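Asks: Starting off with a structure, shown below.
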Amino acid sequence: MKLSKLSIFALSTLCMLLFTNCSEDDDPSSGDMSVSVNYPDNYAEELAQNVTVKVINTLNGKETTGQTTAEGIALFTGITPGTYTVSASVSLTGAEAEALTGIAQEVQLSGVESNVSLMAGGEIMVDLDLDGSPLGSLVFKEVYYTGSKTPAEGNYFSDQFIEIYNNSTEVIYLDNLYIADIYGVSGLINSSNVPTEFQDDQDNVYANSVWKIPGSGTDYPLEPGNSIVIAQDGVNHQLDELNPNSPVDLSNADWETFNVRDDNRDADAPEVPNLERMYFTGGFDWLVTVFGPGLVIFRTDDFDSLEQVPYPVPEYADFLDPRIKIPNELIIDAFEALKDGNSGSFKRVPVALDAGFVYADGTYTAQSFRRKALTTIEGRVVLKDSNNSTDDFEKLDTPTPKSLD
Ligand SMILES: [Ca+2]
Ligand SMILES: [Ca+2]
């Protein structure tokens with residue numbers, strides 16, 4: 001719980017009274033400093049207690065330390081006038097971080113305020129804002145891959161989308177974020193199907209196609225608790241000439257995959273920006289398998305240096321394109337869907353990245369998979385991320401782009 005403005009005011013008044021009393025007893029040539037330590041924005045609490053605060057006199061290097069109280073304040077009374085550097089740092093355990101942010105991950109927080117001047121007989125209040133590395137990360141929030149049936153019982157698969165969510169405590173820039181689908185069949189679709197030939201390598205994933213969000217580094221900020229939708233085609237799929245039975249209008253998608261081709265088989269929706277196509281082994285568009293794809297998001301500073309591995313079936317290796325080998329360390333999040341509950345042996349994503357998988361009732365069912373909500377901190381919904389698609393995702397009968405309801 002945050003302290004109300006009123007109790008902060010009462011507290012400040014109390015501190016001033018304290019100071020007045022102290023000043024009467026103490027050497028008038030000294031001063032008092034009160035340091036109020038605050039957790040980063042987006043944390044469940046504002047006032048940070050039991051934090052060690054250090055004040056260092058910049059002239060003589062003399063260092064004094066104190067601890068913040070339950071009100072998040074450390075008091076330093078009777079200190080020498082001068083210029084000070086005030087700093088604080090605290091390590092939160094996974095459990096402490098979880099209570100404050102919803103994300104169980106150790107973090108080191110620190111804050112510093114330089115050139116704090118204290119006059120003789122003066123009283124000064126310093127506000128110190130703690131900062132640390134973001135907790136949590138980008139995650140797949142929803143994947144709609146099954147497609148839908150047309151009124152004439154035809155198969156419609158252009159309405160697929162992927163939604164990526166900022167499940168962290170800080171703004172994340174999406175510039176240069178890579179999205180890829182993973183090589184391998186989703187199960188026994190034909191009796192000859194075998195699990196991916198790469199399955200023995202649990203340290204890498206092997207991508208069919210790779211797309212990238214463009215940008216120069218800070219063009220595409222994503223606020224905590226917000227998401228982007230990447231459409232196969234950024235159009236209203238419910239139009240009569242497309243599929244009135246489609247569950248989605250993706251004309252307001254944030255991005256689409258436009259696959260430039262000489263025959264113009266993929267249309268470029270002018271209102272929806274295009275991802276950059278980095279590597280492509282698909283057909284007309286970035287259609288991921290309607291039987292259940294493996295997907296990853298990742299970052300790399302040097303995409304061209306990623307190894308291109310020959311197509312793993314020797315008799316096809318001469319005429320099918322190589323696949324892109326992506327080390328697990330580069331992967332930010334993974335999602336795996338397979339054909340059905342008996343398809344576990346066809347897993348493509350290494351267990352360390354995703355220990356489970358989801359499956360739909362069938363193809364073209366319009367079913368979608370959405371990550372479950374874990375908790376809400378300061379209005380920010382924290383999604384469940386245990387690196388296990390079985391546990392983390394729920395099957396929906398209709399997709400919910402940009403929504404958790
Ligand atoms: Ca497209
Ligand atoms: Ca477009």
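The values are calculated or read from the model by the stated rules, or taken from the named source; none is laboratory data. Here the structure is a predicted model, which is why all the values come from computation and not from measurement. Cβ: placed from backbone, ideal geometry, glycine included. Neighbour counts: every protein chain shown. In case anyone asks, the SASA skips ligands and DNA or RNA and just uses the protein heavy atoms, side chains included. Shrake-Rupley method; radii C 1.70, N 1.55, O 1.52, S 1.80 Å.
Asks: Would you work out the relative contact order for the chain, in percent, from Cα pairs under 8 angstrom that are 6 or more residues apart?
Replies: Answer for the chain is 15 percent.
Asks: Most fluctuating residue of N226, N274, N50 in a GNM of the chain with Cα springs under 10 Å: which is it?
Replies: N50
Asks: Another question, if that's okay. Using alpha-carbon pairs under 8 Å, 6+ residues apart, how would you state the relative contact order of segment 110-246 in percent?
Replies: In percent, rounded to a whole number, it is 28.
Asks: Then there's this: Could you check the spin-label model distance between N193 and S133? Points 7 Å from the Cα along Cα→Cβ, value in nm.
Replies: Simple spin-label model gives 3.9 nm for this pair.
Asks: A follow-up question, please. Quick check: at a probe of 1.4 Å, how many percent of the accessible area of the chain sits on carbon and sulfur atoms?
Replies: 49
Asks: Bins of 5 Å, beginning at zero and ending with the bin holding the largest distance: percent of Cα pairs per bin for segment 82-202, please.
Replies: 2, 8, 10, 10, 10, 11, 10, 9, 7, 5, 4, 3, 3, 2, 2, 1, 1, 0
Asks: So, one more: In percent, what relative contact order does segment 284-405 have, based on Cα pairs under 8 Å that are 6 or more apart in sequence?
Replies: 22
Asks: Continuing with the same structure: Can you give the accessible area of K384 in Å² (nearest 10), computed on protein heavy atoms with a 1.4 Å probe?
Replies: 60
Asks: Expressed as a whole percent, how much of the Cα-Cα distance distribution for the chain exceeds 42 Å?
Replies: 30
Asks: Please find the FRET efficiency linking N342 to F284, where r is the Cβ-Cβ separation and R0 is fixed at 41 Å, and quote it to the nearest 0.05.
Replies: Plugging the Cβ-Cβ distance into 1/(1 + (r/R0)^6) gives 0.85.
Asks: Here is a follow-up. In degrees from 0 to 90, rounded to the nearest 10, what is the angle of the helix 5-25 Cα long axis to the longest principal axis of the chain?
Replies: 30
Asks: As a quick test, which of the pairs K212/K347; K212/K384; K149/K372; K325/K372; K149/K384 have an alpha carbon distance above 28 angstrom in this structure?
Replies: Over 28 Å apart, Cα to Cα: K325/K372; K149/K384.
Asks: Let me ask something else about it. So what is the calculated 222 nm ellipticity per residue for the chain, using -39500 (n - 2.57) for each DSSP H run with n of 4 or more, over all residues, to the nearest 500 deg cm²/dmol?
Replies: Value at 222 nm, helices only, nearest 500: -2500 deg cm²/dmol.
Asks: Here's a follow-up. Taking amide H atoms as placed 1.01 Å from N in the peptide plane, list the residues 5 or more away in sequence, or in a different chain, whose amide H sits under 5 Å from that of L177.
Replies: I213
Asks: Need the full-extension length gain, T375 to T69, defined as separation in residues times 0.36 nm minus the C-alpha distance. One decimal, nm.
Replies: Residue separation times 0.36 nm, minus the Cα-Cα distance, leaves 107.4 nm.
Asks: Roughly speaking, what is the stretch gain from N388 to Y316, that is 0.36 nm per residue apart minus the C-alpha to C-alpha distance, in nm to one decimal?
Replies: Gain in length upon complete extension: 22.7 nm.
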